[in-house]
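A quick write-up on the structure given underneath.
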Amino acid sequence: MIHEIKSFYWDTNAKICIAILNYEFQGVCEVVDDSYGNDESPSCTFTIDGVQYKLFFPSDYKGEYSNFLLLNETNYDVDFEIKVIGQYATIIDVIDYFKKLNVI
């Protein structure tokens, strides 16, 4: 039963966050769910101005997996480079990051 409750939380949280991001990024990009079914940390991807982002959603109520983790996953010709942009407490903090970049 605990697994079902956690799965419901993760799936619901991811779907709500993706809907919020797609609303905020209207006309800029499309946010796509790329979570793995057996993964306890749902995620999404989107590309803005040639930069591919990956956002991991919180999969826990507390601890190290309780924040949003934003990554820059850009493929530069030969090397695949992943940079951690930051950890955020809420989806609004993630949106504020992109507002500061004047993306939205």
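The values are calculated or read from the model by the stated rules, or taken from the named source; none is laboratory data. Since the structure is predicted, the reported quantities are computational estimates derived from the model, not experimental observations. Quick reminder, even Gly has a Cβ in these numbers, built from the backbone with ideal geometry, and neighbours come from all protein chains shown. With ligands, DNA and RNA removed, areas are computed over all heavy atoms of the protein, side chains included. Shrake-Rupley method; radii C 1.70, N 1.55, O 1.52, S 1.80 Å.
Could you order VAL84, VAL51, VAL32, VAL94 so the one with the most accessible surface comes first? Probe is 1.4 Å.
From most exposed to least exposed: VAL84, VAL32, VAL51, VAL94.
Whole-Hz Karplus ³J(HN,Hα) for the range 88-95, in order, using 6.51 cos²θ - 1.76 cosθ + 1.60 and θ = phi - 60°, x for Gly and Pro?
Values per residue, Gly and Pro as x: 10, 6, 9, 5, 5, 5, 5, 4 Hz.
Check which residues have an amide H placed less than 5 Å from ILE48's amide H, if you skip close sequence neighbours.
TYR53
With a point put 7 Å past each Cα toward its Cβ, work out how far ASP93 is from ASN13 in nm, to one decimal.
1.3
Quick one: ranking PHE46, PHE56, PHE8 by accessible area, 1.4 Å probe, largest first, what do you get?
Order by accessible area, largest first: PHE8, PHE56, PHE46.
When we measure straight from the Cα of LYS83, which lysines land under 18 angstrom away, once same-chain ones fewer than 8 places off are left out?
Hits, sequence-local ones excluded: LYS54.
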